[in-house]
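Below is one structure, written out as C-alpha cells, with a few remarks after it.
The values are calculated or read from the model by the stated rules, or taken from the named source; none is laboratory data. Keep in mind it's a predicted model, so treat the numbers as computed, not measured. Neighbour counts are summed over all protein chains in view; Cβ atoms, including those assigned to glycine, are modelled from backbone coordinates with ideal geometry. Remember, those area values only see protein heavy atoms, side chains included, never the ligands or the DNA or RNA. Shrake-Rupley method; radii C 1.70, N 1.55, O 1.52, S 1.80 Å.
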Amino acid sequence: MKLKITTTLFLFFIVQIFFAQEVKNDTIKVATKTTVTTVTTTNDTINVAATPGIVNPKLKEEAKSLNSQLKSEKKALKEAKKKEKEQKNFEKEKNKFEKQQSKVASGEKSVRKIKDKLADREKNLIRNKEKFETKKSKGRLNSTQIEKENIKISKQQIKINKLEEDLEKAEKKLNKARD
C-alpha cells in the first residue's frame, strides 16, 4: 500500500514539474545617465546617417523621423530632470520648514521651563523673607543669624536675576527662530 502511495505522489510531482509555468518578472527601466549617453550616441549616429550623401528619400524621411523622435525624447528627458529638480527643492524647503518649527517648539518649551523655575524661586524668596521678618520681629535672631539670613536671601535674588537673564536670552532665541 505504501508503495502505491509513494509512486502516485512521485508521479504527481513529476506531472506538476512538467506542466509548471515559467514565472516572468517584468521590470521597468528608469531613465538614468546611461540613457542620456545612449541618446547622445544615437543622435551622433543619426547625424552621420543624415548627411547630404543620402539619395534615397525613404532613408531621408526615416532620418527625419528619427531626429524628431530623438528631439522629443530629449525634451521629455529635460522635463523629467526639471520636475526632479523641483521635487528636490520642494523637499529641501519642507525639511527647512520642519526644522524651523522644531526649533520654535523647543524654544517655547525652554522659555516655559525657565518661567516656571523663576516663579518657583520667587515664591521661595517671598516665603523666606516672610519667615525672616517674623523671626526678626519676634527677636529670636541674633546679629550673626540675621547676617546669615540676609546672605541666603541675597543668593536667592542673584539666582533669580540669572534666571531672568536666561529667560531674556531664550526669548530672543525664540523670536529669532520664529523669523
Could you check segment 142-162 and list, in sequence order, the residues that are open to solvent by 90 Å² or more (accessible area, probe 1.4 Å) and either within 48 Å of the chain's Cα centre (by Cα) or touching a residue at least 60 places away in the same chain (Cβ under 8 Å) (or both)?
Lys155, Ile158, Lys159, Lys162
Log entry, pairs with first residue in segment 51-72 being at positive phi, second being modelled with pLDDT under 90 and in a loop (DSSP other than H, G, I, E, B), beta carbons closer than 7 Å, six or more apart or on different chains, reads none
Looking only at segment 119-141, how many residues end up being more than 49 Å from the chain's Cα centre (by Cα) and either assigned to a helix (DSSP H, G or I) or surrounded by fewer than 14 Cβ atoms within 10 Å (Cβ to Cβ) (or both)?
13
